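Q: Following this message is one structure expressed as structure tokens.
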Amino acid sequence: MEAKKIIILGGGTAGWMTAAAFARFLNKEMYSISLIESDQIGTIGVGEATIPHIRYFNNMLGIDEREFLREVSATYKLGIQFENWGALNSSYIHPFGSHGYSMFGLDFHHYWLSVKRHNEFAVPEFDSFSLACVMARFGRFDFPDAGDELKSEFSYAYHIDAGKYARFLRAYAEEKGVQRIEGVVEGVIGSNGSGCIERLAFADGRNVTGDWFIDCSGFRATLIGGHLGVGFDDWSKWLPCDRAIAMPCTRNGEPLLYTRAIAHEWGWQWRIPLQNRTGNGIVYSSAFVSEQVVLDKLMNGLDGARLADPNFIRFKAGSRTKCWEKNCIAIGLASGFLEPLESTSIYLIQQGILKFLEYFPVAGDFSILMDAYNKEMDLEYNRIKDFLILHYHITSRCDSEFWQYCRNMEVPESLQQKINLFTTAGKIEHYDYGLFMSPSWLAVFLGQGAVAGGYDARVDQHGVKKISLELQRMKSYLESYVQNMPQGINVLNAELECAVGVRRFASSSLYGVN
């Protein structure tokens with residue numbers, strides 16, 4: 001039987017993650033995999049912050065963590081620090097982990113809320129009760145340990161050089177038989193009968209035929225949008241930022257164990273520490289500020305010498321109405337774009353790949369599989385969308401037209417229900433499928449100053465004074481526990497100096513890992 005041909009259009013992170021995963025999990029005798037990219041066409045390549053799911057992806061591919069750290073200039077990441085979001089001069093960390101621990105069968109945050117409600121007792125900031133937050137602020141690091149009650153309650157990710165990660169995966173994929181084809185695709189030819197894509201035509205007259213086509217062509221969406229005409233849901237009325245300017249600079253000091261997201265009058269700025277540099281960029285809304293003002297802000301705020309010219313990026317927040325249509329699957333930016341506020345870009349690539357492998361048709365009609373895939377990817381995008389909107393909407397900032405717009409905008413009903421439940425009763429809507437679980441929603445609600453209208457009444461049986469003392473004890477214990485951990489930079493350097501061969505990919509259910 002002739003091998004079916006899988007054609008991936010586009011390289012970069014999305015293309016080479018797809019190629020690597022397909023090469024790892026599909027039978028070489030049954031499927032041939034080719035990736036088309038052109039050195040003439042650049043990639044966005046500014047995504048440098050990840051969430052813990054990337055460890056799961058690398059582990060599935062059998063990638064050694066220490067080799068990965070070296071090859072992609074990675075540093076450890078325990079969460080994201082949000083500055084000036086809830087109010088000017090405010091700061092909190094959204095960690096990869098939970099806060100406190102359940103007491104007497106009730107979620108920890110209800111005890112915290114009960115003390116917060118009584119003004120006679122001081123209560124530490126909510127993220128004082130997260131091991132990952134305390135580690136990040138003290139610059140200490142250790143690895144999760146399922147056998148340790150505290151160390152099982154957090155996870156970690158990486159800051160990476162996205163360009164190096166793509167090249168790393170290219171070497172991996174080519175070693176497993178993926179063929180790279182250099183060229184610019186100028187035409188897409190479909191079947192008159194089924195409407196499926198049959199072949200791609202190059203500018204130099206060549207043609208490549210295929211059975212399955214994976215659209216990793218970025219914002220161009222050459223196949224899913226340009227040829228098949230799949231629509232795009234525009235979410236810019238809720239996520240009004242539509243531009244970004246990125247620029248790397250030399251690193252100043254030891255790398256932080258978290259990404260910084262610093263809110264400005266018309267958007268926000270990222271700072272991402274790698275081994276060899278700092279990634280910088282500003283995401284903003286062109287309706288509220290000029291490009292030159294943003295560029296000046298970025299240039300004047302660099303804490304090291306710039307290493308490249310500014311990279312100007314235009315985008316629109318939203319997603320395709322279908323990620324799978326006919327024999328074409330869109331992965332990465334071709335399937336949609338959500339700004340990198342919560343470092344979800346690589347996660348969405350990963351989910352698109354793994355879900356397609358899960359539903360990959362081996363024979364016959366695939367319409368039911370296609371519908372199931374589209375439903376799950378739509379859910380992924382929409383749940384992340386709601387979580388990102390929350391950051392902009394739950395704020396006391398009114399110092400600019402941008403923030404006034406965000407505070408007053410009408411949000412999606414699905415998000416409004418979550419907000420109403422929390423502000424009425426201090427409760428978080430639970431769901432089994434999707435990225436952000438209760439700890440993440442709590443981190444943003446409470447970190448940005450949202451006021452809970454109540455809490456679980458059952459906590460009152462323990463007495464507010466007793467609870468307050470327990471919270472103070474818990475805070476002190478976490479700080480002393482963390483201070484006995486090694487410095488994060490020392491752990492990183494030790495791992496980089498070790499020989500390849502020891503993998504450390506502890507699984508975790510935190511942060512919505514399924």
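Q: Can you compute 3J(HN,Hα) from phi for each residue in segment 306-322, using the Karplus curve 6.51 cos²θ - 1.76 cosθ + 1.60 with θ = phi - 60°, rounded to whole Hz and x for Gly and Pro?
A: So the Karplus estimates, Gly and Pro as x, are 5, 10, 7, 5, x, 9, 9, 10, 10, 7, 9, 6, x, 9, 5, 5, 9 Hz.
Q: Specify the longest stretch of the chain that does not include any exposed loop site, a site being one of the GluC sites (Glu not before Pro) with a non-H, G, I, E, B DSSP assignment and at most 11 other Cβ atoms within 10 Å.
A: 150-409
Q: DSSP beta bridges in the chain, what fraction antiparallel, as a percent rounded to 5?
A: 70 percent
Q: Determine which aspartates and glutamates satisfy two conditions relative to Lys316: a Cα distance under 14 Å, and not lying fewer than 8 residues away in the same chain.
A: Partners found: Asp233, Asp234, Asp242, Glu339.
Q: Two decimals is fine: what is log10 I(q)/I(0) at q = 0.13, 0.14 Å⁻¹ for segment 380-454, from a Debye sum with one equal scatterer on every Cα and no solvent?
A: Here the Debye-derived log intensity ratios amount to -0.37, -0.42.
Q: State the percentage of accessible surface on the chain attributable to carbon and sulfur atoms; use a 1.4 Å probe and exclude ligands, DNA and RNA.
A: So the carbon and sulfur contribution to the accessible surface is 48 percent.
Q: Straight-line reach from Lys465: which aspartates and glutamates have a Cα under 13 Å away, not including same-chain ones fewer than 8 places off?
A: Hits, sequence-local ones excluded: Glu120.
Q: Dividing the alpha-carbon Rg of the chain by 2.2 N^0.38 Å yields what?
A: 1.00
Q: Apply the a/c threshold of 1.5 to the C-alpha gyration tensor of segment 116-257 and tell me whether it is rounded, prolate or oblate.
A: Verdict is prolate for segment 116-257.
Q: Tell me the per residue accessible area of the chain using a 1.4 Å probe; a whole number in Å² is fine.
A: With all protein chains present, the chain gives 41 Å² per residue.
Q: While we're on this one: Which helices count as membrane-span-like in the chain under these terms: full DSSP H, at least 15 Å along the axis by C-alpha, Kyte-Doolittle mean of 0.5 or more?
A: 12-25, 345-359
The values are calculated or read from the model by the stated rules, or taken from the named source; none is laboratory data. No experiment lies behind these values; they were computed from the predicted model shown. No Cβ is skipped: glycine too gets one built from the backbone with ideal geometry, and neighbour counts run over all protein chains shown. Note: accessible area is taken over every heavy atom of the protein model, side chains too, but ligands, DNA and RNA are not part of it. Shrake-Rupley method; radii C 1.70, N 1.55, O 1.52, S 1.80 Å.
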